[in-house]
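The values are calculated or read from the model by the stated rules, or taken from the named source; none is laboratory data. All values reported here derive from a predicted model rather than from experimental measurement. Because the Cβ atoms are built from the backbone with ideal geometry, glycine has one as well, and the counts that use them run over all protein chains shown.
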Amino acid sequence: MTPETITPDQLLTSTQVGNLLQVNPSSVKKWVNDGHIIAFRTPGGHRRIRASDLVMFLDHHKIPVPRPLANAARRRVLAVDDDTIQLKALGRAFKRFADKVEVTLIENGIDALVEIGAMRPHALLIDVYMPGIDGIEVCRRLKSNPATKDIAVIITSGRMTGELEQSARAAGARRVLRKPVDVATVLDELGLSPPQPTR
């Protein structure tokens, strides 16, 4: 395994993580045992740590991400909107930040809930008004589940009201944005700085 090939879903041993962070593998094992890092166990009882989970641990503790984990450090954003025109426009807006953000586009709340389990996004950007299940209900479900409660939920709407914003925040939304969505605000929420305009 060369450093450049570490992908978000790659499973690392405690020794590999220790080498990346320049710490003793016993420290890594302690972090896992204390619940600070999510780890899997192989049938043989060995720990394996997903690279993306390691990056989340580093972010949470404000530890710099080592260069070999740069690809795994890309933030995953799930954008959900039943308005396909808005959704595609959002996808295009994020393209210039493809080195920092991986965006998945979904057209309804039910599929979004399924996709969240598969992709483990850092942030969910979701419209309020959708058929089947609306954005606020999706947010409420995520926040009530220990496995998804830390996902940053950003509620969007083209018809924003004070009451709607209050409901979204009560459901656990981190931010409430009016459409069209300002991508720079989303990047800020992800802890990423958009490039400054050149003079």
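Brief remarks on what is shown
- Residue tally, condition within 30 Å of Val77 (Cβ to Cβ) and part of a helix (DSSP H, G or I), over the stretch 31-52: 4
- From the options Val28, Val55, residue that is under 14 Å from His122 (Cβ atoms), among the β-branched types (Val, Ile, Thr) and assigned to a helix (DSSP H, G or I): Val55
- As a summary of the residue check, Glu163 satisfies the conditions (1) within 17 Å of the chain's Cα centre (by Cα); (2) over 19 Å from Asp188 (Cα atoms) except for the one numbered (1).
- Some residue of the stretch 1-24 being modelled with pLDDT of 90 or more, touching a strand residue (DSSP E or B) at 6+ places or on another chain (Cβ under 7 Å) and in a helix (DSSP H, G or I): yes
Listed here are the residues, each with its yes/no results for (1) basic (Lys, Arg); (2) over 25 Å from Thr148 (Cβ atoms).
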| site | (1), (2) |
| --- | --- |
| Pro8 | no, no |
| Leu11 | no, no |
| Ser26 | no, yes |
| Lys30 | yes, yes |
| Ile37 | no, no |
| Arg47 | yes, no |
| Leu58 | no, no |
| Arg67 | yes, yes |
| Asn71 | no, no |
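- Test set (1) out of contact with any Phe, Trp or Tyr (no Cβ under 6 Å at 6 or more places or on another chain); (2) of a type outside the set (Ser, Thr, Tyr); (3) surrounded by 13 or more Cβ atoms within 10 Å (Cβ to Cβ) - Pro180 fails condition number: (3)
- Looking only at the stretch 120-152, and only at residues there that are outside any loop (DSSP other than H, G, I, E, B) and touching a Lys or Arg at 6+ places or on another chain (Cβ under 6 Å), the one that is surrounded by the fewest Cβ atoms within 10 Å (Cβ to Cβ): Lys143
- Residue pairs meeting the criteria (Cβ under 6 Å; at least 6 apart or on separate chains; first more than 12 Å from Ile49 (Cα to Cα), in the stretch 20-32; second in a loop (DSSP other than H, G, I, E, B)): Leu20/Pro66
- The stretch 75-106, subset loosely packed, with under 15 Cβ neighbours inside 10 Å and either among the β-branched types (Val, Ile, Thr) or touching a Leu at 6+ places or on another chain (Cβ under 8 Å) (or both), residue farthest from Gly132 (Cα to Cα): Gly91
- Yes/no for Gly91 being out of contact with any Ser or Thr (no Cβ under 8 Å at 6 or more places or on another chain), over 18 Å from Asn19 (Cα atoms), in a loop (DSSP other than H, G, I, E, B) and not β-branched (Val, Ile, Thr): no
- Residue within the stretch 51-73 that is surrounded by fewer than 22 Cβ atoms within 10 Å (Cβ to Cβ) and closer than 22 Å to Lys179 by Cα present: no
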